[in-house]
Amino acid sequence: MKKRVLISAALMAVSLGISAQKVMKAPAGGKAISDELIGIFFEDISSSADGGLYAELVQNGSFEYSPAERDGWGAGTAWQQVRPGHSLGTLEVRKCKGIHKNNPTYMRLHTERVKEYYDYKGWKGFGIQNDGFEGISVKAGEKYNLSLFMRNVSGEGKSVRVALVEPQGWGKDPKLLSDTYIKVESNEWKKYEAVLSPDTTCHKAALQILVLDLGDLDVDMVSLMPQDTYKGHGLRKDLAQALADLNPKFMRFPGGCVVHGGGDGFWNTYRWKTTIGPKEQRKSLKNTWGYHQSMGLGYFEYFQFCEDLGMEPVPILPAGVSCQGTNGGWGMWPTQAQDVVPMSEMDEWVAEAIDLIEWANGDPATNKWAKMRADAGHPKPFNLKYLGIGNEEKISPEFCERFKYIYERVTKAHPEIIIVGTAGPGSHKDNPDYEAGWKLAEELGMPIIDEHYYEPNSYFLKSRQYDAYPRDRKTKVYLGEYAAKDKKLIDALAEGLYLLHVERNGDVVAMTSYAPLFARKNATNWNPDLIYFDNERPFLTCSYYVQQMFGQSSGQYYYGDCVSFEGDVPGIEQPQEDVHYGQSVILNVKTRKLFVKICNASGEPKTANINLSRFGLKKMATKTSLSGNANDENNYDAQPIAPKKEQIKAAKKMKVELAPYSMVMYEYSL
């Protein structure tokens with residue numbers, strides 16, 4: 001019983017934003033709510049990591065791609081042989097005596113001839129070319145860190161030219177953007193580094209590695225990374241900034257279904273321990289969504305990014321049970337049997353969780369996992385508070401047994417950690433997994449449980465499900481994955497209306513995160529997504545701007561009686577299907593900010609009366625508005641929807657006219 005009290009107290013302190021700092025006193029009439037309602041959920045789906053948030057420009061630099069991941073793939077995927085100047089040679093994929101057991105595959109370049117053909121005086125050398133992710137995008141004057149491992153196998157030491165080029169088509173020498181020459185003499189693996197700085201901007205560049213002397217040379221772990229990354233930590237700057245602009249309070253990672261691995265068995269499950277340490281020692285993995293994860297974006301980078309954005313990290317670990325989609329389970333759900341880890345082996349999965357906590361929070365002087373964190377450049381703890389176990393598994397007896405086994409042992413070892421459970425796929429009351437998940441949560445006194453649902457916008461326009469949730473439950477709700485099933489303005493406003501409902505129930509719902517977060521153009525596994533992108537820029541959806549409003553307006557108190565709509569009869573609740581408008585007033589006592597949000601997701605104008613007489617407002621306020629036609633949509637060709645900001649004179653009482661399909665937020669300083 002004492003343990004449950006400790007956990008509940010820890011959750012209350014976090015979810016309701018209680019702290020020791022001096023804050024203003026909240027005026028009467030407010031309800032205490034979570035100030036961590038808006039976070040983000042990162043899953044490596046739709047090439048969100050490699051080719052996305054992770055800034056690496058070389059694709060398959062470790063030569064570990066495999067046909068087991070995708071038909072037609074192999075070690076040479078994203079590479080091609082080049083032999084300018086009529087040079088001759090052969091390529092051989094090898095696995096003997098690689099850099100590390102987790103990274104066994106490399107490419108051997110056997111060079112037979114390097115010389116000008118007749119009077120040819122142009123480009124020469126035998127080697128390989130990488131085209132990145134639909135081309136390598138580089139900017140004039142920017143600096144790019146090149147690194148690669150090489151080993152001289154036979155013959156004298158070899159000169160190697162590494163060139164960043166703009167291909168000009170078959171039979172033509174490429175245009176040189178930047179290059180460097182490296183002398184490789186050692187017959188042991190050695191890392192070589194240089195800086196390339198192109199003199200011309202190019203959106204479809206390529207990287208060439210050309211051997212200029214005869215014999216055999218091994219190459220592995222080829223990397224080209226911009227120096228200008230987000231806070232210098234290896235993440236693509238514009239995509240990371242788009243996330244920072246959401247002002248999220250936490251980040252859940254690495255998935256999602258990714259947590260369960262590639263669906264081929266537990267040998268292929270995502271294991272955090274193989275994603276830390278030097279990049280050449282990390283173990284790449286087949287992705288659940290049918291492609292390759294290099295793990296260049298691993299647990300260290302996830303935690304570091306959380307720290308950079310001031311977010312609470314919420315890592316999710318597997319629970320010893322397969323995803324319900326394994327072996328065709330999506331088609332047969334809910335009757336598909338789960339793959340499960342034998343109970344005799346469950347201590348390994350318990351250790352997976354406890355070791356992660358110690359890696360994140362432990363003392364490097366006394367703990368080997370904490371020492372690994374310090375050796376990677378972060379001696380201070382990451383101050384992990386949350387840990388998720390499992391991801392929307394079918395809540396079967398086998399799952400319950402294994403979850404309970406992990407939960408009880410982890411909370412005994414670390415009662416300060418808030419364990420996040422799962423309510424299964426599709427968290428609705430007509431779903432047996434939802435009922436079973438909540439039953440398990442109440443049995444264990446679980447502090448918070450993860451609900452997921454993707455629905456048409458009509459669901460979010462009408463549902464007010466959290467109004468009916470029991471107020472005496474110890475278990476809070478984390479709405480970890482949700483979205484309307486399209487990306488038009490009406491879908492975003494439906495989500496906004498639902499989030500107003502969530503704010504009203506912020507004493508029950510502690511956290512929410514839209515999903516999925518990212519999708520790469522031409523590599524999209526799922527629609528809709530919050531942010532689409534290509535090599536040049538992100539494309540922000542209507543839903544992004546609604547999420548941004550809520551992220552910017554977090555607070556600790558909700559006031560439901562400051563805004564009224566003309567036409568509503570006081571004391572008479574209208575049918576939910578007729579009410580496609582709503583409001584909330586949020587007070588942040590830490591920042592001394594007051595936020596009024598009003599959403600009109602209907603096709604008719606609405607008039608709202610605002611009364612803020614109980615608050616001491618300063619003279620000016622900021623108004624942010626979002627409006628358009630119901631079917632407007634931001635895409636690669638057009639971005640018709642974007643927020644408009646203006647400074648207005650603050651008034652304690654005012655009448656607001658809301659256009660059809662619009663949302664407005666007022667921000668006041670107190």
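Some notes on this structure:
- Of all residues making up region 92-119, the number that are part of a strand (DSSP E or B), among the aliphatic types (A, V, I, L, M) and surrounded by 18 or more Cβ atoms within 10 Å (Cβ to Cβ): 2
- Only one of the listed residues (ALA494, ALA510) is buried (at least 22 other Cβ atoms within 10 Å of the Cβ), in a strand (DSSP E or B) and over 15 Å from the mean Cα position of the chain (by Cα). That residue is ALA510.
- Only a single item in (1) open to solvent by less than 20 Å² (accessible area, probe 1.4 Å); (2) under 22 Å from the mean Cα position of the chain (by Cα); (3) not basic (Lys, Arg) is not met by LEU57, and it is number (1).
- Qualifying residue in region 145-160 (condition: out of contact with any helix residue (DSSP H, G or I) (no Cβ under 9 Å at 6 or more places or on another chain), charged (D, E, K, R), surrounded by 15 or more Cβ atoms within 10 Å (Cβ to Cβ) and within 15 Å of PHE126 (Cα to Cα)): yes
For (1) modelled with pLDDT of 95 or more; (2) assigned to a helix (DSSP H, G or I); (3) touching a Lys or Arg at 6+ places or on another chain (Cβ under 8 Å); (4) surrounded by fewer than 24 Cβ atoms within 10 Å (Cβ to Cβ), each residue gets a yes or a no:
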| position | (1), (2), (3), (4) |
| --- | --- |
| SER8 | no, yes, yes, yes |
| MET12 | no, yes, no, yes |
| GLY17 | no, no, yes, yes |
| GLU69 | no, no, yes, yes |
| ALA75 | yes, no, no, yes |
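- Where TYR668 falls short, out of the listed (1) closer than 27 Å to GLN465 by Cβ; (2) assigned to a strand (DSSP E or B): (1)
- Subset of region 164-211 [among the hydrophobic types (A, V, I, L, M, F, W, C) and surrounded by fewer than 19 Cβ atoms within 10 Å (Cβ to Cβ)]: TRP170, LEU176, ILE182, TRP189, ALA194, VAL195
- Restricting the first member to region 457-469 and to residues that are closer than 24 Å to ALA630 by Cβ, and the second to residues that are in a helix (DSSP H, G or I) and of a type in the set (Gly, Ala, Ser), the beta-carbon pairs closer than 7 Å and six or more apart or on different chains are ASN457/ALA494; PHE460/ALA494; LEU461/ALA494.
- Unmet requirement for ASN268, which otherwise passes all of (1) touching a residue at least 60 places away in the same chain (Cβ under 8 Å); (2) of a type outside the set (Phe, Trp, Tyr); (3) on the phi < 0 side of the Ramachandran plot; (4) surrounded by fewer than 22 Cβ atoms within 10 Å (Cβ to Cβ): (1)
- Residues in region 480-491 that are part of a strand (DSSP E or B) and under 26 Å from SER627 (Cβ atoms): TYR482, ALA483, ALA484, LYS488.
Let's see how each residue does on (1) closer than 21 Å to LYS283 by Cβ; (2) not β-branched (Val, Ile, Thr):
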position	(1), (2)
ARG70	yes, yes
THR90	no, no
ASN102	yes, yes
HIS110	no, yes
GLY125	no, yes
GLY135	no, yes
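- Subset of region 453-479 that is in a helix (DSSP H, G or I) and under 20 Å from GLY437 (Cβ atoms) - its residue that is farthest from the chain's Cα centre (by Cα): ALA468
- Of all the criteria given as (1) farther than 22 Å from LYS385 by Cα; (2) surrounded by 15 or more Cβ atoms within 10 Å (Cβ to Cβ); (3) out of contact with any Ser or Thr (no Cβ under 9 Å at 6 or more places or on another chain); (4) in contact (Cβ under 8 Å) with a residue 60 or more places away in the chain, the one not satisfied by ASN431 is (4).
The values are calculated or read from the model by the stated rules, or taken from the named source; none is laboratory data. This one's a predicted model, so the numbers in the text were calculated from it and none came from an experiment. A quick note on method: Cβ atoms are made from the backbone with ideal geometry, for glycine too, and the neighbour counts reach across all protein chains shown. Quick note on the areas: whole protein, heavy atoms, side chains included, nothing else; ligands and nucleic acids left out. Shrake-Rupley method; radii C 1.70, N 1.55, O 1.52, S 1.80 Å.
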